[in-house]
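*Asks:* Take this structure first; my questions come after.
The values are calculated or read from the model by the stated rules, or taken from the named source; none is laboratory data. Owing to the predicted nature of the structure, the values given are computational and were not obtained by experimental measurement. No Cβ is skipped: glycine too gets one built from the backbone with ideal geometry, and neighbour counts run over all protein chains shown. All accessible areas refer to the heavy atoms of the entire protein, side chains included, with ligands and DNA or RNA removed. Shrake-Rupley method; radii C 1.70, N 1.55, O 1.52, S 1.80 Å.
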Amino acid sequence: MAITTSELPDTASAVLAFARSSRATADRAEAELLVAACEWADLHPASSVLDAAAFLLGGGSEHEEPVAGPGAPLVAEFCIAEFGAVLGISTVSAKHLIGQAIELRHRLPRLWRLVQAGDLPAWRARRIAETTIHAGLSREAASYVDAQLAPFAHRTSTSAVDRLVDAAIARFDPARAAAEARLAADGRHVTIEEEQVSFAGTMRVTAELDLADALDFGAAVAHGADVLKSLGSEESLDARRASAVGQMARSQLALPLVGEVAQQPSRNQGSPGRQLVLHVHLTDGDPIARLERGNLATIEQIQQWCGQSSTEVVVKPVIDLNEHIVCDGYHPSARLREQVILRDRTCVFPWCNRPSRACDLDHIIPWESGGETSSHNLAALCRRHHRLKTHGAWSYRRTGPATYTWTSPHGHTFVRDDAGTKPG
């Protein structure tokens, strides 16, 4: 039951006491959640799934990223999604939660006991467990970290944990430590933060280059900015430098790859261009557009992108998302595929946000059971959840234009629609 403002204490000391009690209650609940995660894993060992979908939480498989360190028990892959769904989190988040719980109970037992005794907040223990998981520590190294941290874990910083993990690697796996030191000495990288698109339509790029490469790149950017100014650009120097980088990239893409010159002699003809494919959703009178990837942009920004002389604008036919399209065979037509991708936007499994363009198209009623290849019987599912639906005792049905009702192996129901997921 929610507490109203009128029910809160009305003195400063009483409010602090109430807040402290609430924090203790939340910490206790988080500790109990870790116990539940371990119990759920115990109920679903890998041997409970008699197909290749079972994977080792402690070591991963060729299809799975390792989630807990060596020596952790095996857990059936398909149990994870249901645990996450009832908690209202994604399958990936549930995988991390179960992995951290197992890491604590089996490889960091001192920290585990502190959490269960109420002497260490679960969130701190989970953060440490995630660090040791990511580092892939041996059992001996993990035990060393556990012993060293236990007396101070309640006040140890993230950087201190990282240093201790590095020390454990150096102590118990010196060959690996030496190899990682050699790799760390080469700090070169180019990082494009594709998931961080600003409202202005920009994206952050950072790089660490060799000195000679950096100087050449700087000279090329400066030259490009000067050329844009000479052609009449009135943008600031920084903006022209940014535009020059884009021009350089498109010029590079227009060049043939080594060995392709003979096969594609015309690829380098003409000026380099950029193909811009935008699926834009607009409401009358609204100056803000929603792009397919979920980003927002102003009408002016879209006009600027499309109005540049170097941009090739391709106008595609509008697809009616309410039209019922039926195909004769198993594989959908290009038009039907595009319709389902635009309609669903993401994987339609509860709490999953993987873009629909990276998903499979699933026959809700299987093709071999008489299900047609049509708008009403296809939905976007990422590969993980496609396999889960096919082999993992989950079922779902389409209950609206873009609404799906799922039933888990233990009978829990969830409704997934444009607004997200809610219990059924």
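*Asks:* Could you order LEU209, LEU43, LEU164 by accessible surface area, starting with the largest, using a probe radius of 1.4 Å?
*Replies:* On the way: LEU209 75, LEU43 120, LEU164 30 Å².
Largest accessible area first, the residues go LEU43, LEU209, LEU164.
*Asks:* Shifting gears a bit: Tell me, what HN-Hα J-couplings in whole Hz come from the Karplus equation 6.51 cos²θ - 1.76 cosθ + 1.60 at θ = phi - 60° for each residue of segment 362-368, using x for Gly and Pro?
*Replies:* Rounded to whole hertz, the list is 9, 6, 4, 8, x, 4, 5.
*Asks:* Okay, next question. THR346's amide H: which non-local residues (gap 5+, or another chain) put their own amide H closer than 5 Å, with H modeled 1.01 Å from N in plane and none for Pro or chain starts?
*Replies:* Under 5 Å from the amide H of THR346: SER356.
*Asks:* Moving to a separate point now. Which net charge results for the neighbourhood of ALA214, defined as the other residues with beta-carbon distances under 15 angstrom from its beta-carbon, given Lys and Arg at +1 and Asp and Glu at -1? Spell out each step's value before the answer.
*Replies:* Details: positive: ARG188, ARG241; negative: ASP186, GLU208, ASP210, ASP213, ASP216.
With Lys, Arg at +1 and Asp, Glu at -1, the net is -3.
*Asks:* Also, I was wondering about something else. Tell me, how many Å apart are the Cα centres for segment 361-401 and for segment 200-225?
*Replies:* 46
*Asks:* Could I ask something else about it? Tell me, what ³J(HN,Hα) does each residue in segment 78-84 have, in order and in whole Hz, if you take phi through Karplus 6.51 cos²θ - 1.76 cosθ + 1.60 with θ = phi - 60° and put x for Gly and Pro?
*Replies:* Those phi angles translate into 6, 6, 5, 4, 5, 4, x Hz.
*Asks:* Shifting gears a bit: Whole Å is fine, so just give me how far the alpha carbon centre of segment 68-104 lies from that of segment 177-194.
*Replies:* So the two Cα centres are separated by 29 Å.
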